[in-house]
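First comes the structure, then the notes that go with it.
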Amino acid sequence: MRKFSYTIKDEVGLHARPAGELVKEAKKYKSRITVCKDGKSVEATKLMAIMGLGVKCGQLLEVSVEGEDEDTAYEALKTFFETNL
Amino acid sequence: MQKLSGKSVYKGIALGPVIVLNKSDEKVKRIKITDTDLELSKLEEAGKKSAGQLQKLYEKALKEVGEASAAIFEVHQMLLEDEDYLDAIHNMIQTEMVNAEYAVAVTGDNFYNMFANMDDDYMKARAADIKDISNRLIRNLTGEKEVDFDSMEPSVIVADDLTPSETVQMDKDKILAFVTVHGSTNSHTSILARMMNIPALIGVPVNLNEIQSGMQAVVDGFNGEVVFEPSEEICDEAGKRIKEEQEKHNLLETLKGKENITKDGKSIDVYANIGSVGDVGYVLENDAGGIGLFRSEFLYLGKNIYPTEEEQFQAYKQVVQMMAGKKVIIRTLDIGADKQVDYFNLGREDNPAMGYRAIRICLKEKGIFKTQLRALLRASVFGNLSIMYPMITSVDEIKEIYSIVDEVKEELDGDGIPYELPEQGIMIETPAAVMISDDLAEFVDFFSIGTNDLTQYTLAIDRQNERLDDFYNPHHKAILRMIKMVVDNAHKCGKWAGICGELGADLELTGEFLRMGVDELSVAPSMILKLRKEIRESTVTVRE
């Protein structure tokens with residue numbers, strides 16, 4: 001399993017649209033990808049759950065990737081967060 | 001015949017057939033089923049159909065309102081495919097042996113509540129999206145047709161509140177009026193109504209299941225009333241009033257492009273008051289000479305964090321560019337009192353109208369103020385911008401503001417960012433400012449009298465307190481004398497003075513303001529042409 005932490009820089013936080021983009025990205029991989037905020041962990045492929053976290057700008061997220069393509073997924077997700085959020 | 005009252009968002013009158021949207025979920029019945037596979041396949045079919053509809057909506061919105069607004073329908077598609085949502089529906093069908101539409105209605109409600117209870121305003125509003133997709137699924141399950149907006153005749157829209165997918169589908173020429181059960185003045189309905197100048201009533205206690213599409217209705221935005229199945233008499237009366245309104249409207253249209261000048265040659269500027277970039281369209285449409293009050297609060301309200309300098313700069317720049325050289329007076333942050341924003345953490349005050357607000361916050365929280373000033377000075381390069389400071393009571397405050405402006409200029413110089421120092425004026429809305437307006441005039445470029453606050457402070461009458469309505473006289477001599485005093489003191493210093501409060505649009509006083517020598521009146525865009533008409537019919541020379 002690989003993990004990284006990321007502080008949201010996007011002003012609007014992880015709102016509907018960026019959350020949707022994240023789900024799209026996460027669905028590309030076989031690995032199980034989870035997003036954790038304040039001890040609450042949800043799967044990155046579930047849009048309502050992600051939106052339900054109510055992630056705002058400046059909040060810290062922990063992203064975990066586990067599965068056969070975890071290295072590729074890890075790099076891709078990291079790039080995704082850095083460029084979009 | 002049924003008569004109901006609500007809050008009017010736009011004054012106008014309409015008569016026509018009703019179209020009822022999103023009837024409540026009551027009609028979704030729980031039915032015991034035996035063949036779960038059949039229900040699941042019906043659900044899948046409905047899901048596919050919904051996805052197809054949303055794709056079409058997305059494409060339509062993309063063409064008509066642009067990518068940013070269209071994205072909501074892409075999100076809707078994804079929400080429809082959400083695993084948790086679908087799992088919950090599947091589970092319910094399988095374990096409780098119920099019909100698919102009932103499972104969708106219950107699951108939709110659960111997710112609706114999850115979002116409605118979040119502490120984030122933005123996420124709260126997403127509850128409407130959940131309802132939207134759930135209703136779509138249910139419609140596709142029951143085979144009920146979506147309202148066909150393309151072939152509808154001009155109608156009075158009656159709804160609980162409007163959903164985004166409804167607002168984008170409606171052909172704006174086919175809406176006569178809105179009547180909604182819910183909705184605030186900032187809801188989709190209200191925004192749309194103001195934009196389109198059509199009568200709209202919100203907060204109307206109408207039972208949507210009692211109203212049938214096709215019924216006739218009269219919507220009276222002047223009295224805040226709607227009558228369903230009106231009598232012939234009421235219809236005739238409404239028809240007459242609609243014709244009158246239309247004639248008045250046509251008459252006003254002929255005034256576009258004409259000067260604001262009295263019969264005896266006295267002219268005055270008529271500008272518009274606006275509260276967001278989107279309002280500029282109405283300013284231009286109504287032929288205003290400029291923007292006399294641009295409330296910058298919209299940049300701060302309805303958010304979780306302070307707007308950035310870039311965000312503000314872009315908004316100001318866009319407005320001055322759209323106004324193409326016409327004057328745009330932007331009032332700096334006027335938050336506090338009745339306008340509260342959570343992230344400012346202002347705390348509760350016993351007397352907010354006289355509390356920590358407007359320029360007082362700006363002078364204490366210099367960081368917030370400087371961000372706005374930087375954006376304003378930068379935007380000034382792109383057009384005819386003026387800055388106006390609210391709630392001034394002393395010369396010292398102006399000096400303090402100017403020293404902060406100097407700091408901002410130095411910083412911009414240091415950063416090598418182009419800017420211009422615009423004209424700077426103040427709101428006159430405290431009796432103190434009136435009494436020392438002779439001193440203040442020396443320091444500023446103009447005055448704009450905010451009659452709403454000035455009246456409440458002068459008469460010691462809280463505008464929010466309905467019990468005081470009988471004591472409230474907006475034409476009180478004290479106010480009129482104050483206005484005269486401010487105008488005279490401005491002119492003695494070679495400065496100009498205008499009025500941007502509600503009184504400016506009071507046609508009974510237009511003649512008096514002209515005689516006082518008021519230089520500018522700033523009013524709601526919809527009042528511009530009415531005021532122009534009044535001015536053009538006035539004579540100011542006092543007959544001996």
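Each reported figure results from applying straightforward, stated rules to the coordinates on display, with no laboratory input. Keep in mind that what you see is a predicted model, and the values were worked out from it rather than measured. Because the Cβ atoms are built from the backbone with ideal geometry, glycine has one as well, and the counts that use them run over all protein chains shown.
In table form, for the structure just shown:
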{"item": "Inverse of mean 1/r across different Cα pairs in segment A:2-84, Kirkwood, Å", "result": "12.4 Å"}
{"item": "Whole-number percent relative contact order across segment B:294-386, with pairs defined as alpha carbons under 8 Å at least 6 apart", "result": "42 percent"}
{"item": "Cross-link pairs A:LYS56/B:LYS63; A:LYS27/B:LYS303; A:LYS9/B:LYS370; A:LYS9/B:LYS317 - those with Cα-Cα distance over 28 Å", "result": "A:LYS56/B:LYS63; A:LYS27/B:LYS303"}
{"item": "Semi-axes of the equivalent ellipsoid for segment B:267-536, Cα gyration tensor, largest first, Å", "result": "27, 22, 19"}
{"item": "Nearby lysines by direct alpha-carbon distance to B:LYS495 (threshold 17 angstrom, same-chain neighbours under 8 apart not counted)", "result": "B:LYS327, B:LYS484"}
{"item": "Spin-label model distance (nm) - A:ARG32 vs B:GLU83, 7 Å beyond Cα toward Cβ", "result": "0.9 nm"}
{"item": "Cα centroid of segment B:392-469 to Cα centroid of segment B:66-127, whole Å", "result": "48 Å"}
{"item": "Rounded to whole Å, sorted largest first: equivalent-ellipsoid semi-axes of chain B, Cα gyration tensor", "result": "48, 30, 21"}
{"item": "Fraction of alpha-carbon pairs over 46 Å apart in the protein assembly as shown - percent", "result": "28 percent"}
{"item": "Protection proxy ranking, peptides B:313-319, B:246-252, B:528-534, B:399-405, average beta carbon neighbours within 10 Å, highest first", "result": "B:528-534, B:313-319, B:399-405, B:246-252"}
{"item": "Chain B, relative contact order [Cα under 8 Å, separation at least 6], %", "result": "14 percent"}
{"item": "Kirkwood Rh in Å, taken over all unlike Cα pairs in segment B:469-513", "result": "11.6 Å"}
{"item": "At 1.002 mPa s and 20 °C, Stokes diffusion of segment B:406-543 via Kirkwood alpha-carbon radius, µm² per second", "result": "129 µm²/s"}
{"item": "Scaled radius of gyration (Cα, divided by 2.2 N^0.38 Å) that segment B:1-134 gives", "result": "1.27"}
{"item": "Length-normalised contact order of segment A:2-84 in % [C-alpha pairs under 8 Å, at least 6 apart]", "result": "44 percent"}
{"item": "5 Å binning of all Cα-Cα separations within segment B:239-372, expressed as whole percents from 0 upward", "result": "2, 9, 15, 16, 14, 13, 10, 9, 7, 5, 1, 0"}
{"item": "Over segment B:428-473, volume per residue of the alpha carbon convex hull, in Å³", "result": "64 Å³"}
